[in-house]
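Working notes for the structure below.
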Ligand code: SF4
Ligand code: SF4
């Protein structure tokens, strides 16, 4: 799902970063009008009608945000207001978040899009106020009487357009919610706002096309079963070429113990494919050595879930395949690959939406260590870094970190594993065992305070390139700092969207830094056979470090 | 604009207060019935608002995790910033409510040339909020000396602690200084910080003005000669108020400052349930803070879990039948082959 390189004529990093966070427009924020034509590069194309039709969603049609007429259904206003009222009754989160913000501003400069653009409506507090102001005016008594004095705005077509612009300019990263004294989560507000927009057919193609694909084929990229198998065969050949060893990958195998599900980006795009190769090497090693009985699925061939950027119902539809397939194949538990928003879904929604888990699933137990994953006792799904960290801890994986010596590594905490799960130590533990050169980025930019790649939640498309680079500023700048300070040349991460969106961010803000999955680095270091000699890493680059040119040393 | 509206509103309330202070005929109404009404409105309003929130279910368990989760035995979990147990949640909520844990994390982002993005520590908002809220609580408790006869031990105790430094006669309360500093800071930053001024509504300035009004009139009554009031009479009135006794007399000649003070408080009681001040109740119900991050271990139930249409395996196999056969994957329904 990657965007191309930096387009010609794009501003330089110095130009793009000349934002003044302190300057605000003279005019207040209540005027909703947006010049879409003048702001090309900062918004995403609408969903194609065919995708909406396939998913049986509202108001399929061809249109463009630059059109004057957005072809809304005639009763759009009633639909939105009823939709809001309905969601206020269904989500306590929404009701609370509409009512208790004190506009203290603690969240205001926590959003990467605000830091990179200086646009005050990208302060999380104002993003939420865009919706709150309508709520106050249209749905509360005080607001109906006092109107603008109570901070209310009338719901107009211009407001909807403004919502389209700003709620598809939030990556639902939850950074703001860490800093809010009441835990107001603008990501949650954005999720509800997107549900509302979907009611009248306002959505973006980069979300809905993957969702439609996933519904049909089982994965976002629309890879049909034969192509899925072909792609994997191709990667196996590639592994053989680079490592001199060809793993076996069972697909749709009944009676396997473990079903492995990873985002389809891993099966498709560079550099995520190297992570996939890493899994294959690891699993095959475990199979040969300990008889690991695993399988992938061509039906549940997507770990990610673009329903998360659409509506809770869509999350449930797409996610359902995981348990369905686990039941059909009769596995004992599910192992999930490196992915960010996938793990938000698995950790916070899956069991609630599609559970209880099928009865053939058991509390996950590592086949090779005494570990029982009681933290996954109900979902029966384990994160790959939990699985691997446990193996390393129990000395089940012979590792030669010097094979990664050409890499000087830092780690990007992806938003969802960070702030919707709290997965911080496992990937670091793996990296520290698989690499000799590892450093963390500055504290305000990692762990719970980590910055988004700028392209999550469906925004990682080419037409939105400027906004992505702006949103990528805080992350890219921290990487640049590490590059200068420690000569870092690899940014590792555990998210397939990151693997698509961080390369352009690095190319732009910290040129020379590559992006790699944690399991790619692990597999480089993994000694598959005793005395094994490897010449190349998974990318086919020679392992030996010759007078490596790094840009500065510690 | 927002500031002006808030000031006008505040000026109006002040006008009412002065009017009441100067027209003794209004005292029985504003010294009894209006505060009673305000109190009932406050209690009823707060309960109603909380019940309204609570009436909406919590479909999903969505804590914001701000520390390591509990996973493998040898990895130390962050029990308070990412709780997995009820005890942990209680701890997290206590930290949040008593010490404003999240606000304490605050940083300030700046984009310098280079470009270089810097994040400075920024604890003033936290300090101002702590100074205000804690002083407010202590001052409220101190006031129980007026509401109870004999004065309860905690109120007298707090008062003597609070006046510990014995500066001036009557002793200056530390909390009075802190609350003034806190409120002034909160107001000034709203007025002077361009970002904050931009997002502020009248509803953000008004309560600050009102609270400042309450504190200032309170301090004036205690320390500034021309405004001093007769405490015996004030206590007499206060006891009458809390007794809810219509027969209790409203003492005469308390002094206008007191009436302004009382009208401000009455206004606050009316205003509270209608406004963002309800954050005091809402924070307890905030699903990103008050839930344990244990979804994978214990199933959370959504009462309205919707039925959705899923692309079932059988359909999928049927749709891609030939391609599945071609690439050699097994079929569940080989019968399809003849079809
Ligand atoms: S930090 Fe929370 S309360 Fe403060 S402005 Fe942001 S959302 Fe509102
Ligand atoms: S969730 Fe992330 S992108 Fe959205 S407003 Fe908050 S900080 Fe910004």
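The values are calculated or read from the model by the stated rules, or taken from the named source; none is laboratory data. Since the model is a prediction, treat every value here as computed from it, not as a measurement. All Cβ positions, glycine included, derive from the backbone under ideal geometry; neighbour counts span all protein chains shown.
Of the residues contained in the range A:83-97, one or more are found to be surrounded by 24 or more Cβ atoms within 10 Å (Cβ to Cβ) and either farther than 25 Å from residue B:290 by Cα or over 24 Å from the mean Cα position of the chain (by Cα) (or both).
For residue A:318, state whether it is touching a helix residue (DSSP H, G or I) at 6+ places or on another chain (Cβ under 7 Å) and over 25 Å from residue A:458 (Cα atoms). Lay out the reasoning, then the answer.
Working: touching a helix residue (DSSP H, G or I) at 6+ places or on another chain (Cβ under 7 Å): yes; over 25 Å from residue A:458 (Cα atoms): no.
Here the answer is no, as residue A:318 does not meet what is asked.
Checking the condition within 10 Å of chain B (Cβ to nearest Cβ) and under 29 Å from residue A:148 (Cα atoms), which residue from A:31, A:20 passes? Steps first, answer last, please.
Values: A:31 fails: within 10 Å of chain B (Cβ to nearest Cβ).
None of the others qualify; the one that does is A:20.
Where residues in the range A:147-186 are within 15 Å of ligand 1 (Cβ to nearest atom) and free of Cβ contacts under 8 Å to residues at least 24 places away in the same chain, which of them is farthest from residue A:416 (Cα to Cα)? Checked the range A:147-186; the qualifying residue farthest from residue A:416 (Cα to Cα) is A:151. When every residue of the range A:272-295 is checked against the conditions, none turns out to be within 14 Å of chain B (Cβ to nearest Cβ) and assigned to a helix (DSSP H, G or I).
Report yes if some residue within the range A:165-180 is within 10 Å of ligand 2 (Cβ to nearest atom), facing another protein chain (nearest Cβ under 10 Å) and over 19 Å from the mean Cα position of the chain (by Cα); otherwise report no. Within the range A:165-180, one or more residues are within 10 Å of ligand 2 (Cβ to nearest atom), facing another protein chain (nearest Cβ under 10 Å) and over 19 Å from the mean Cα position of the chain (by Cα). Does at least one position in the range B:53-67 carry a residue that is at pLDDT 95 or above and more than 30 Å from residue B:304 (Cα to Cα)? Yes. From the list B:277, B:224, the lone residue that is over 30 Å from residue A:386 (Cα atoms) and either at pLDDT 95 or above or within 14 Å of chain A (Cβ to nearest Cβ) (or both) is B:277. Those helices (runs of 4 or more DSSP H) of the range A:328-396 in which 2 or more residues are more than 9 Å from every other protein chain (Cβ to nearest Cβ) and touching a residue at least 40 places away in the same chain (Cβ under 8 Å) occupy A:341-345, A:384-393. Considering only residues in the range B:284-312 that are touching a residue at least 60 places away in the same chain (Cβ under 8 Å) and more than 7 Å from chain A (Cβ to nearest Cβ), the one that is surrounded by the fewest Cβ atoms within 10 Å (Cβ to Cβ) turns out to be B:303.
Give the residue that is nearest to residue B:201 (Cα to Cα), with candidates limited to residues of the range A:103-120 that are free of Cβ contacts under 8 Å to residues at least 60 places away in the same chain and away from ligand 2 (no atom under 13 Å from the Cβ). Walk me through how you get there before you give the answer.
Going residue by residue through the range A:103-120, those that are free of Cβ contacts under 8 Å to residues at least 60 places away in the same chain are A:103, A:105, A:108, A:119.
Applying the additional criterion that residues be away from ligand 2 (no atom under 13 Å from the Cβ) yields A:103, A:105.
Values: A:103: 8, A:105: 12 Å.
Looking at the filtered set, the residue picked out is A:103.
Within the range A:121-147, being closer than 23 Å to residue A:106 by Cα, away from ligand 2 (no atom under 12 Å from the Cβ) and within 12 Å of chain B (Cβ to nearest Cβ) holds for A:132, A:133, A:136. Checking each residue in the range B:160-199 for being within 16 Å of ligand 1 (Cβ to nearest atom) and closer than 19 Å to residue B:143 by Cα picks out no residue at all. No other residue among A:334, A:430, A:372 is within 27 Å of residue A:252 (Cα to Cα) and under 27 Å from the mean Cα position of the chain (by Cα) apart from A:334.
Summed over the range A:416-449, residues that are in a helix (DSSP H, G or I), more than 9 Å from chain B (Cβ to nearest Cβ) and more than 23 Å from residue A:177 (Cα to Cα) total 7. All told, residue A:133 falls short of being in contact with a helix residue (DSSP H, G or I) (Cβ under 7 Å, 6 or more places away or on another chain), within 14 Å of ligand 1 (Cβ to nearest atom) and outside the structural domain of residue A:342 (by TED's automatic domain parsing).
Criterion applied to B:26, B:22, B:40 was being free of Cβ contacts under 8 Å to residues at least 40 places away in the same chain, in contact with a helix residue (DSSP H, G or I) (Cβ under 8 Å, 6 or more places away or on another chain) and more than 30 Å from residue A:180 (Cβ to Cβ), and the one residue passing it is B:26.
One line per residue, one yes/no per condition, for (1) over 28 Å from residue A:188 (Cβ atoms); (2) surrounded by fewer than 22 Cβ atoms within 10 Å (Cβ to Cβ); (3) in contact with a strand residue (DSSP E or B) (Cβ under 7 Å, 6 or more places away or on another chain):
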site: A:288; (1), (2), (3): yes, yes, no
site: A:294; (1), (2), (3): yes, yes, yes
site: A:308; (1), (2), (3): no, no, no
site: A:339; (1), (2), (3): no, no, no
site: A:359; (1), (2), (3): yes, yes, no
site: A:367; (1), (2), (3): yes, yes, no
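Just a yes or no: is a residue in the range A:118-126 more than 30 Å from residue B:132 (Cα to Cα), touching a strand residue (DSSP E or B) at 6+ places or on another chain (Cβ under 6 Å) and either assigned to a helix (DSSP H, G or I) or not assigned by TED's automatic domain parsing to the domain that holds residue A:447 (or both)? Steps first, please.
If we filter the range A:118-126 for residues that are more than 30 Å from residue B:132 (Cα to Cα), which is where we start, we get A:118-119.
From what is left, the residues that are touching a strand residue (DSSP E or B) at 6+ places or on another chain (Cβ under 6 Å) are none.
Within the range A:118-126, not a single residue is more than 30 Å from residue B:132 (Cα to Cα), touching a strand residue (DSSP E or B) at 6+ places or on another chain (Cβ under 6 Å) and either assigned to a helix (DSSP H, G or I) or not assigned by TED's automatic domain parsing to the domain that holds residue A:447 (or both).
Considering only residues that are out of contact with any helix residue (DSSP H, G or I) (no Cβ under 7 Å at 6 or more places or on another chain) and facing another protein chain (nearest Cβ under 7 Å), which ones fall in the range B:313-333? If the condition is that a residue be out of contact with any helix residue (DSSP H, G or I) (no Cβ under 7 Å at 6 or more places or on another chain) and facing another protein chain (nearest Cβ under 7 Å), then B:316, B:330 are the ones that fit.
Of B:77, B:59, B:63, all but one fail to be over 20 Å from the mean Cα position of the chain (by Cα) and more than 7 Å from chain A (Cβ to nearest Cβ); the exception is B:77.
Does residue A:115 count as facing chain B (nearest Cβ under 8 Å), in contact with a helix residue (DSSP H, G or I) (Cβ under 7 Å, 6 or more places away or on another chain) and more than 22 Å from residue A:32 (Cα to Cα)? Please lay out each step first, then the result.
Values: facing chain B (nearest Cβ under 8 Å): yes; in contact with a helix residue (DSSP H, G or I) (Cβ under 7 Å, 6 or more places away or on another chain): yes; more than 22 Å from residue A:32 (Cα to Cα): no.
Spelling it out, it is not the case that residue A:115 is facing chain B (nearest Cβ under 8 Å), in contact with a helix residue (DSSP H, G or I) (Cβ under 7 Å, 6 or more places away or on another chain) and more than 22 Å from residue A:32 (Cα to Cα).
Does the range A:153-161 include one or more residues that are more than 21 Å from residue A:74 (Cβ to Cβ), out of contact with any strand residue (DSSP E or B) (no Cβ under 8 Å at 6 or more places or on another chain) and buried (at least 23 other Cβ atoms within 10 Å of the Cβ)?
So in the range A:153-161, the residues more than 21 Å from residue A:74 (Cβ to Cβ) come out as A:153.
Next, from what is left, pick out any that are out of contact with any strand residue (DSSP E or B) (no Cβ under 8 Å at 6 or more places or on another chain): A:153.
Subset that is buried (at least 23 other Cβ atoms within 10 Å of the Cβ): A:153.
Looking through the range A:153-161, at least one residue is more than 21 Å from residue A:74 (Cβ to Cβ), out of contact with any strand residue (DSSP E or B) (no Cβ under 8 Å at 6 or more places or on another chain) and buried (at least 23 other Cβ atoms within 10 Å of the Cβ).
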